[in-house]
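To start, the structure itself, in structure tokens.
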Amino acid sequence: MRNEIRHIAIIMDGNGRWAEAQGKKRVKGHEKGAEVVRDITTFCSIHKEIERLTLYAFSTENWKRPKYEVDFLMKLLDGWLKKELPIYLENDIRFKAIGDISGFSTKLQKTIQDIEKKTLACKGLTQSLALNYGSKDEVIRAVKSLIKQNIEVTEASLEYALDTSMPVDILIRSGGDKRLSNFLLWQSAYAELFFTETLWPDFTPDELQSILENFKKIERRFGGLK
Ligand code: IPE
Ligand code: IPE
Ligand code: MG
């Protein structure tokens, strides 16, 4: 059987370098990157096989960046989510945040929760944005919640307590670096990894399509034999 594609996860890296290469400010790369998010999301929503697209938008480590850039990203996210709502509804896309959004301003938290609520009935693709997300933080939050509820920590209970329990089939990182940067470490235990030199603002549905085709040819064994 050809590999099923249920969950695609993307580390959208290279926005800053894309802008700098054109003599622009780094944040211009984030603006262009946000446009690409829309293209890739609508492409995935047309592919009926894909159930979930998880996009790494802001890591628990990204707070280390200059205040100007962090503030810009927060504002961009707030405005972008509000603008995306009709696109989600038109394409039957459900929006869901993963990560610890309590680290954001009350205003941004409200926007996130509002878009989640308004797209709750959408039955097509789920677009999951990783916001103030780090795998280590996610695991710690999950373990703490199990302890608090007096639930035994098992592989199944821990998996269920994570922000997302769906295993990743395809993990893509743009921008040329070959690392996971604290993204979906548990869920990617058996993910197929694709690294591309393309900077995120230049990433296209065509490139994603060719990754999907390559994924179909891989023999996934999950520790077993063919
Ligand atoms: C990824 O692009 C987007 C975020 C982390 C918000 P970068 O901003 O990391 O771009 P580069 O890697 O510096 O080019
Ligand atoms: C990973 O990119 C985080 C996101 C894409 C949101 P980074 O640019 O933060 O990762 P490092 O610092 O190169 O590992
Ligand atoms: Mg980067």
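Scanning segment 167-188 for residues that are of a type outside the set (A, V, I, L, M), closer than 12 Å to A130 by Cβ and within 14 Å of ligand 2 (Cβ to nearest atom) yields S181, N182, F183. Filtering segment 156-185 to residues that are surrounded by 17 or more Cβ atoms within 10 Å (Cβ to Cβ) and over 18 Å from I11 (Cα atoms) leaves L158, A161, L162. The test for being at pLDDT 95 or above, closer than 19 Å to F194 by Cβ and either away from ligand 1 (no atom under 15 Å from the Cβ) or not small (G, A, S) (or both) does not hold for I46. Collect the residues in segment 89-99 that are under 16 Å from the mean Cα position of the chain (by Cα), outside any loop (DSSP other than H, G, I, E, B) and not β-branched (V, I, T), keeping them in residue-number order. Correct list: R94, F95, K96, A97.
Scanning segment 4-24 for residues that are closer than 15 Å to F194 by Cα and more than 10 Å from ligand 2 (Cβ to nearest atom) returns I5, H7, I8, A9. Considering segment 195-226 alone, what residues qualify as being without any contact (Cβ under 8 Å) to a residue 60 or more places away in the chain and either within 15 Å of ligand 1 (Cβ to nearest atom) or not in a helix (DSSP H, G or I) (or both)? The answer is F195, T196, E197, E219, R221, F222, G223, G224, L225, K226. One residue stands out in segment 101-140 among those that are among the basic types (K, R) and touching a residue at least 12 places away in the same chain (Cβ under 8 Å): the one that is farthest from ligand 2 (Cβ to nearest atom), namely K123. Just one residue in the set L76, L125 is closer than 21 Å to G33 by Cα, at pLDDT 95 or above, of a type outside the set (G, A, S) and in contact with a His (Cβ under 7 Å, 6 or more places away or on another chain); that residue is L76.
Listed by first and then second residue, the pairs with beta-carbon distance under 7 Å, at least 6 apart or on different chains, first residue in segment 172-184 and without any contact (Cβ under 8 Å) to a residue 60 or more places away in the chain and in a loop (DSSP other than H, G, I, E, B), second more than 10 Å from ligand 2 (Cβ to nearest atom) and of a type outside the set (K, R), are K178/F195.
Evaluation of I172 against the conditions (1) hydrophobic (A, V, I, L, M, F, W, C); (2) under 17 Å from the mean Cα position of the chain (by Cα); (3) away from ligand 3 (no atom under 16 Å from the Cβ) shows that the sole unmet condition is (3). Restricting attention to segment 22-34, the residues that are surrounded by fewer than 23 Cβ atoms within 10 Å (Cβ to Cβ) and in contact (Cβ under 8 Å) with a residue 12 or more places away in the chain total 6. In segment 120-135 there is at least one residue that is of a type in the set (A, V, I, L, M) and loosely packed, with under 14 Cβ neighbours inside 10 Å.
Selection of segment 179-194 for residues being within 13 Å of ligand 1 (Cβ to nearest atom) and in contact with a Phe, Trp or Tyr (Cβ under 6 Å, 6 or more places away or on another chain) yields only F183. Residues in segment 33-47: is at least one more than 17 Å from the chain's Cα centre (by Cα) and part of a helix (DSSP H, G or I)? Yes. Figure legend. Inter-residue proximity from segment 83-100: first residues in contact (Cβ under 8 Å) with a residue 40 or more places away in the chain and of a type in the set (D, E), second residues in a strand (DSSP E or B) and surrounded by 15 or more Cβ atoms within 10 Å (Cβ to Cβ), beta-carbon distance below 7 Å, spacing 6+ or different chains. Indicated pairs: D100/N132.
The values are calculated or read from the model by the stated rules, or taken from the named source; none is laboratory data. Here the structure is a predicted model, which is why all the values come from computation and not from measurement. Here Cβ is always computed from backbone atoms with ideal geometry, including for glycine, and neighbour counts include all displayed protein chains.
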